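For reference, the structure is listed below as structure tokens.
The values are calculated or read from the model by the stated rules, or taken from the named source; none is laboratory data. Note that the structure is predicted; figures quoted are calculated from it, not measured. Positions of Cβ are generated from backbone atoms using ideal geometry, with glycine treated the same way; all protein chains shown enter the neighbour counts. These accessible areas exclude ligands, DNA and RNA; they are computed on the full protein's heavy atoms, side chains included. Shrake-Rupley method; radii C 1.70, N 1.55, O 1.52, S 1.80 Å.
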Amino acid sequence: MSQNRKAKAKANTKATATATATAKGKGKGKGGTKEKLVQLCKAAIQYNIGVTYESGEGVPQDFAVAAEWYRKAAVQGYSNAQCTLGELYREGQGVPTDLLEAAKWFQKAADQGDANAQCNLAELYESGDGVSQDDVEAAKWFHKAAKQGHSRAQSFLGAMYHNGRGVAKDVSAAVKWFLKAAEQADTFSQFRLGDMYQTGKEVAQDGQAAVMWYTVAAAQGHPLAQERLGRMYNLGQFVDKDQVAAVRWFRQAAAQGVIAAQRQLGVMLETGQGVALDEEEAAEWYRKAAVRGDGQAQLHLGAMYDEGRGVAIDKAAAAHMYRKAADQGLPSAQHMLGLMYMHGEGVEEDEAAACEWFHKAALQGDDIAQFDLATAYAFGRGIAKDESAAVEWYLKAAEQPFLIEVKFNLGLMYENGRGVAKDEAKAVDWYRQAALETHSDSQFNLGLMSENGRGMEKADYSAALLWYSQAAAANCLRAQCNLGSMYEHGRGVAKDELVARRWYHQAATQGCAPAQFNLGVMFANGRGMAKDEAKAVEWYRKAAEQGCAEAQYNLGVMYANGRGVVTEAAAAVEWFRKAAEQGFAAAQCYLGVMYEDGRGVPMDRAAATQWYREAAGQGYEIAQNNLGLILHADASNRVKDKAARNRRRR
């Protein structure tokens, strides 16, 4: 039962008492006054009996009985009863829902000036329920009720003026009526005023007024006002930033089902902003918003399932949430779903499907999706290899300043002529852009190109030293190794073998094979330290086991000559072979020597000849010499053999 009806019942009780007293005093006054007053008293009593049955105060609650008493009063022209009977027909309480009947009774009461009935009738005209939809008629009745101080009608009338429905659009009139309603504690009007003052689109922006009206409405439980206040405190808009207050308002709005507040409360709990970090509760709020179709909440919940934060890891659930958000067009969700397909997580691996989702997200400007799509084109994963398309998407991603890796990849494409005409100057430009954003691989590549004079007029050792130093400081092992080489050979800096050794050692101890090899060379030759061939063997071995051909060759030499290790021809052959099979000419030549001499392997001149030939083909002079000698010796032996056979025939 509405508070309005209770209030009217109390007023009617007083009116009935007054009317009764008047009737007794007037007796049979002129014009049947007494009869009219008696009828009024009777109708008021019937109305009050209806209120009693509707409220269940002192009698069992019974809407049907209430409706009958209201009807008795209504047919006597009692406006309060007519309005209330209309409300029962509208709500289907005690009588079947019948909007036509509701409109009839509202009209009767409205014609008598009943403000509640006028407002109710206006609402039916606005919605077209029980009457033909008619904004002009709606505005007329709202206006009649509003002039009587009816707050809901004032609020509706303000909205009609604001939207230009049924009346000419008039923002000033809208504000006037919203203010009248707001001053009577109408939360809708208070919220609308807050919105208008916050945005400043139709009235002068007034942050203080916006906060004031939102606060008044929020304190009365208006959920959207609570959510707006949460946002304002979270962002520090027109108020001092206060994330604790933001959480408080988001929580109140979320509890009332405001989806945006549920999602944002999840964010605050997930990140520990304004509240103790609680990923489990965050997941619960994301879930509440996600099941109601909020794409951002679905994306967040998907990420939590994906990473096992606040919930157990569940890749299938993650993929399901990503798909729901992706189907709503969220580019980040489309990209994440693409990754799930690319790696077969939560769904069957399907690189073609992955590329389709990357493409959807990329078309919306998602730079990471553009990068991944470009990479798929570059390597032909899930899509036909197309390096031109790869460059195109890398360039799109590069238009957005946040993805440094794109600039690095573009540098690689231009440096190697993949998908574009080879252009080392452009490669240098892209590397430099990424290098200036502290991308260590780009700094290394820029150092390498500066050292070798590629993409620029001439080599620039000073620039190479600068870029290697920056990359080395970021723990780029290749840069540390090359920086060691610069110091070892005095390129761009004074020669300093101690500093060179320090850089080689720093990279070598972290597994950098070229640095391990270089450190081995320094130990073997006593450069920058005391000569120590056993240490040299140790570092050569580390590099050799990682496939460094030079180290494999040098380790073979150490075994062949007993330097730093016991002489072991078979081990020497093993390491020479590993390097030779990688095309290392010196190892191919030395392996030929081992076969020719039968050291560590059975003597095999054919195998020796084959390996000499391999090395000689690369221009290795010693191999060319050895090949010439072995071929000459073989030819001489054939001549001698032929002569011997001829002598035996005689």
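When segment 597-613 is examined, which residues are found to be of a type outside the set (A, V, I, L, M) and either crowded, with 21+ Cβ neighbours inside 10 Å or under 12 Å from Ala572 (Cβ atoms) (or both)? Can you show your working first?
Keep residues of segment 597-613 that are of a type outside the set (A, V, I, L, M), which gives 597-600, 602, 604-605, 609-613.
Within segment 597-613, Asp597, Arg599, Gly600, Trp611, Tyr612 meet the criteria.
Mind checking which residues of segment 469-484 are assigned to a helix (DSSP H, G or I) and within 35 Å of the chain's Cα centre (by Cα)? Show your work before the answer.
Start the filter on segment 469-484 by keeping residues that are assigned to a helix (DSSP H, G or I), which leaves 469-473, 477-484.
Hits for segment 469-484 are Ser469, Gln470, Ala471, Ala472, Ala473, Leu477, Arg478, Ala479.
All but one of (1) surrounded by fewer than 24 Cβ atoms within 10 Å (Cβ to Cβ); (2) more than 17 Å from Ala159 (Cα to Cα) hold for Gln226; which doesn't?
Failed condition: (1).
Restricting the search to segment 80-118, which residues are open to solvent by less than 30 Å² (accessible area, probe 1.4 Å) and of a type in the set (Ser, Thr, Tyr)?
Thr84, Tyr89
Taking Gln61 as meeting all but one of (1) farther than 21 Å from Cys41 by Cα; (2) in contact (Cβ under 8 Å) with a residue 24 or more places away in the chain; (3) open to solvent by 40 Å² or more (accessible area, probe 1.4 Å), write down the number of the exception.
Here Gln61 meets the rest and fails (2).
Looking at segment 65-78, can you tell me whether even one residue there is surrounded by fewer than 23 Cβ atoms within 10 Å (Cβ to Cβ), in a loop (DSSP other than H, G, I, E, B), touching a Gly at 6+ places or on another chain (Cβ under 9 Å) and of a type outside the set (A, V, I, L, M)?
Taking every residue of segment 65-78 in turn, none turns out to be surrounded by fewer than 23 Cβ atoms within 10 Å (Cβ to Cβ), in a loop (DSSP other than H, G, I, E, B), touching a Gly at 6+ places or on another chain (Cβ under 9 Å) and of a type outside the set (A, V, I, L, M).
From the list Tyr487, Tyr553, Tyr540, Tyr559, which one is in a helix (DSSP H, G or I), among the hydroxyl-bearing types (Ser, Thr, Tyr), open to solvent by 30 Å² or more (accessible area, probe 1.4 Å) and farther than 21 Å from Ser440 by Cα? I'd like the intermediate steps shown before the answer.
Values: Tyr487 fails: farther than 21 Å from Ser440 by Cα; Tyr540 fails: open to solvent by 30 Å² or more (accessible area, probe 1.4 Å); Tyr559 fails: open to solvent by 30 Å² or more (accessible area, probe 1.4 Å).
Only one candidate qualifies: Tyr553.
Applying the selection to segment 50-64, what residues are in a loop (DSSP other than H, G, I, E, B) and within 56 Å of the chain's Cα centre (by Cα)?
Our first condition is that a residue be in a loop (DSSP other than H, G, I, E, B); within segment 50-64, this holds for 56-62.
Of everything in segment 50-64, those that are in a loop (DSSP other than H, G, I, E, B) and within 56 Å of the chain's Cα centre (by Cα) turn out to be Gly56, Gln61, Asp62.
(1) assigned to a helix (DSSP H, G or I); (2) more than 26 Å from Met304 (Cα to Cα); (3) of a type outside the set (Phe, Trp, Tyr): which one isn't true of Ala253, the others all being true?
(2)
Can you find a residue that is among the aromatic types (Phe, Trp, Tyr) and open to solvent by 20 Å² or more (accessible area, probe 1.4 Å) anywhere in segment 119-129?
Yes, the conditions are met somewhere in segment 119-129.
Going through segment 344-388 one residue at a time, which ones are aromatic (Phe, Trp, Tyr), out of contact with any Cys (no Cβ under 9 Å at 6 or more places or on another chain) and open to solvent by 20 Å² or more (accessible area, probe 1.4 Å)? Explain how you work it out, then say what you get.
First pass over segment 344-388, keeping only residues aromatic (Phe, Trp, Tyr): 357-358, 371, 377, 379.
Okay, now just the ones that are also out of contact with any Cys (no Cβ under 9 Å at 6 or more places or on another chain), so 357-358, 371, 379.
Hits for segment 344-388 are Trp357, Phe371, Phe379.
I need the full set of residues from segment 54-77 which are of a type in the set (Ser, Thr, Tyr) and modelled with pLDDT of 95 or more, in order please. Steps first, please.
Applying the first criterion (of a type in the set (Ser, Thr, Tyr)) to segment 54-77 yields 55, 70.
Tyr70 - this is the single residue of segment 54-77 that is of a type in the set (Ser, Thr, Tyr) and modelled with pLDDT of 95 or more.
From the list Gly528, Gly520, which residue is small (Gly, Ala, Ser), crowded, with 16+ Cβ neighbours inside 10 Å, at pLDDT below 95 and closer than 22 Å to Ala543 by Cα?
On the way: Gly520 fails: at pLDDT below 95.
After ruling out the rest, the residue left standing is Gly528.
May I ask you to say which residue of Ala473, Ala494 is farther than 21 Å from Val391 by Cα, out of contact with any Phe, Trp or Tyr (no Cβ under 9 Å at 6 or more places or on another chain) and open to solvent by 20 Å² or more (accessible area, probe 1.4 Å)?
Numbers: Ala494 fails: out of contact with any Phe, Trp or Tyr (no Cβ under 9 Å at 6 or more places or on another chain).
Selected residue: Ala473, the only one of Ala473, Ala494 that is farther than 21 Å from Val391 by Cα, out of contact with any Phe, Trp or Tyr (no Cβ under 9 Å at 6 or more places or on another chain) and open to solvent by 20 Å² or more (accessible area, probe 1.4 Å).
Just a yes or no: is a residue in segment 293-312 among the β-branched types (Val, Ile, Thr), closer than 25 Å to Val247 by Cα and open to solvent by 50 Å² or more (accessible area, probe 1.4 Å)?
There is no residue in segment 293-312 that is among the β-branched types (Val, Ile, Thr), closer than 25 Å to Val247 by Cα and open to solvent by 50 Å² or more (accessible area, probe 1.4 Å).
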